[in-house]
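The values are calculated or read from the model by the stated rules, or taken from the named source; none is laboratory data. The shown structure was predicted, so the numbers you read here are calculated from the model rather than taken from an experiment. Because the Cβ atoms are built from the backbone with ideal geometry, glycine has one as well, and the counts that use them run over all protein chains shown.
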């Protein structure tokens with residue numbers, strides 16, 4: 001009997017791992033994941049009071065918020081219907097020419113969406129230089145059309161899928177829903193390391209390592225001010241800090257061996273995350289950092305930890321006595337709270353050690369349902 005219970009516990013633990021893996025790989029975040037990461041982030045900020053506005057040496061953030069131009073907007077019949085403010089493409093072209101000429105940057109992550117219907121006189125030259133540059137990516141969105149087919153080979157998925165219960169960004173899908181287009185950070189990671197994520201059967205793999213199709217990025221970099229506590233700039237403005245001072249700054253040294261992250265640092269591209277409000281280009285950099293640290297991979301040690309925890313929970317479920325009579329709904333609710341607490345503690349520890357998180361809500365529901373069924377079956381046998 002005990003051997004059979006151990007065997008069933010092994011099978012139930014493996015099934016629980018599968019449920020946790022596939023529910024965690026959903027594009028949207030479940031409520032439990034967001035709450036866990038939010039409290040972890042608050043604790044980390046409390047323990048490190050100077051964690052914000054510290055920029056690593058390997059990245060240069062460039063703000064385009066203050067460099068805009070007005071263009072005419074036309075309807076489907078080609079009739080002018082008004083104006084729209086977009087990023088100044090003349091300045092953007094000038095900046096990219098400098099980057100291409102120096103060529104000693106690590107990568108350019110340009111979080112600027114070139115949407116169909118917004119045209120300027122320099123588009124042909126701008127799109128041409130983007131297409132001809134090495135190590136550069138731009139975003140594409142599932143609900144928007146690129147301005148030119150020339151941009152196709154440099155455009156990669158960049159949609160921040162939010163939670164099903166609110167608009168709080170928690171996890172970043174590394175590919176679109178149809179898995180036809182990989183994300184900007186995954187493309188950069190692939191070019192820098194040679195690794196990538198491919199689906200093999202029911203699993204996602206990065207070479208020989210089991211991987212996830214989403215990342216719960218640790219927000220290593222959080223910028224909410226233009227200067228840090230040391231008086232250093234956290235980002236440079238494209239026009240006033242770079243293009244206006246080309247003859248007085250070391251341009252080559254400015255970009256050398258750095259990831260150049262270009263984007264907006266004002267409200268038009270600020271996303272609410274579990275760690276606070278963060279600019280889109282900073283989110284992309286944090287996702288890339290998580291990938292470079294291997295936090296999308298599930299190491300064998302972590303797989304063993306999951307198996308042992310789920311095995312113990314399964315064994316206790318299958319060993320549980322029927323106890324006093326309770327309504328099925330009340331029993332399920334109590335068990336759900338119990339399993340949620342256990343899995344939340346495990347989730348926090350896993351995120352601290354491995355930089356990964358897992359679904360809490362669906363996995364807790366799974367164990368609760370199994371436990372209720374086992375208790376109901378035990379009662380039925382006794383009666």
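Summary of values
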{"read-out": "Residue check, residue 221 out of contact with any strand residue (DSSP E or B) (no Cβ under 6 Å at 6 or more places or on another chain) and under 24 Å from residue 296 (Cβ atoms)", "value": "yes"}
{"read-out": "Selected residue (only one of 134, 123 is without any contact (Cβ under 8 Å) to a residue 40 or more places away in the chain, surrounded by fewer than 16 Cβ atoms within 10 Å (Cβ to Cβ) and in the same structural domain as residue 96 (by TED's automatic domain parsing))", "value": "134"}
{"read-out": "Those residues of the stretch 30-47 which are modelled with pLDDT of 70 or more and either touching a helix residue (DSSP H, G or I) at 6+ places or on another chain (Cβ under 7 Å) or buried (at least 16 other Cβ atoms within 10 Å of the Cβ) (or both), in sequence order", "value": "30, 33, 34, 35, 36, 37, 38, 40, 41"}
{"read-out": "Odd one out for residue 351, checked against (1) at pLDDT 90 or above; (2) closer than 25 Å to residue 190 by Cα; (3) part of a helix (DSSP H, G or I); (4) in contact with a helix residue (DSSP H, G or I) (Cβ under 8 Å, 6 or more places away or on another chain)", "value": "(1)"}
{"read-out": "The stretch 318-348 - residue that is part of a loop (DSSP other than H, G, I, E, B) and surrounded by 12 or more Cβ atoms within 10 Å (Cβ to Cβ) and, of those, modelled with the lowest pLDDT", "value": "322"}
{"read-out": "Matching option when the condition is within 17 Å of the chain's Cα centre (by Cα) and modelled with pLDDT under 85, among 216, 169, 156", "value": "169"}
{"read-out": "Unmet requirement for residue 285, which otherwise passes all of (1) at pLDDT below 85; (2) outside any loop (DSSP other than H, G, I, E, B)", "value": "(1)"}
{"read-out": "Sole exception among (1) assigned by TED's automatic domain parsing to the domain that holds residue 58; (2) more than 19 Å from residue 184 (Cα to Cα); (3) crowded, with 20+ Cβ neighbours inside 10 Å for residue 314, by number", "value": "(1)"}
{"read-out": "Test: residue in the stretch 270-282 that is closer than 30 Å to residue 359 by Cβ and loosely packed, with under 14 Cβ neighbours inside 10 Å", "value": "yes"}
